[in-house]
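Asker: The structure's right below; bear with me while I get my questions together.
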Amino acid sequence: MGYQISAPPGITINQVDYDDSQLQNIANGRGWTGFTYWHGGTAPVHTNGTAVDASASGSSLDSNLDTPYWGIELRCVQSVCSWPGRIQLDHLTVYASEAQGPSITPVAGPGSLWA
């Protein structure tokens, strides 16, 4: 289960700032783990065993991405995951840049400045 955003053609996602305070029961030893992912990488939302409840957390950041997509997912990594796991993103800021410059097309005849 998770969310994924994809940039439109010509746009590259550089950084994603998300509020992880709504993640629940992730990396608390009961089988649920959460990851962010992008083209060429992944990162855990919490290191295993560090979060009894993520509500004590705050803003999280994936930076220097250079990717056409970014996502966050919840996985059960045991045969049975006790307690419910939850991913809810109330706040998400995406920073992006143009992957290519704008094209310039002449609109006048060869005797104009375009020549």
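The values are calculated or read from the model by the stated rules, or taken from the named source; none is laboratory data. All values derive from a computational prediction rather than experimental measurement. When we count neighbours, we look across all protein chains shown, and the Cβ atoms used for this are built from the backbone with ideal geometry, even at glycine. Surface accessibility is based on the protein's heavy atoms, side chains included, excluding ligands, DNA and RNA. Shrake-Rupley method; radii C 1.70, N 1.55, O 1.52, S 1.80 Å.
Asker: So, in segment 26-39, of the ones that are among the small types (Gly, Ala, Ser) and not in a strand (DSSP E or B), which residue ends up farthest from the chain's Cα centre (by Cα)? Can you show your working first?
Answerer: Taking segment 26-39 first, the residues among the small types (Gly, Ala, Ser) are 27, 29, 31, 34.
Checking which are not in a strand (DSSP E or B) leaves us with 27, 29, 31.
Details: Ala27: 18, Gly29: 24, Gly31: 22 Å.
Only one residue fits best here, namely Gly29.
Asker: Could you tell me which numbered condition Ser97 fails, if it satisfies all but one of (1) of a type outside the set (D, E, K, R); (2) at pLDDT 70 or above; (3) open to solvent by 70 Å² or more (accessible area, probe 1.4 Å)?
Answerer: (3)
Asker: Here are some residues: Thr42, Thr67. Which one is within 12 Å of the chain's Cα centre (by Cα), open to solvent by 50 Å² or more (accessible area, probe 1.4 Å), of a type outside the set (D, E, K, R) and at pLDDT 75 or above? Break it down into steps so the answer makes sense when it comes.
Answerer: Values: Thr67 fails: open to solvent by 50 Å² or more (accessible area, probe 1.4 Å).
Going through Thr42, Thr67 in turn, just one is within 12 Å of the chain's Cα centre (by Cα), open to solvent by 50 Å² or more (accessible area, probe 1.4 Å), of a type outside the set (D, E, K, R) and at pLDDT 75 or above: Thr42.
Asker: Taking only pairs six or more apart or across chains, which ones have beta-carbon atoms under 7 Å, a first residue in segment 31-44 that is on the phi < 0 side of the Ramachandran plot and among the hydrophobic types (A, V, I, L, M, F, W, C), and a second residue that is buried (at least 20 other Cβ atoms within 10 Å of the Cβ) and not in a strand (DSSP E or B)?
Answerer: Sorted first by the residue in segment 31-44, then by its partner, the pairs are Trp32/Asn25; Trp32/Ile26; Trp32/Gly85; Phe35/Val45; Trp38/Leu65.
Asker: On to the next question. Quick check on segment 1-13: of everything there that is within 15 Å of Ala43 (Cα to Cα) and modelled with pLDDT under 90, which residue is farthest from the chain's Cα centre (by Cα)?
Answerer: Going through the qualifying residues, I end up with Gly2.
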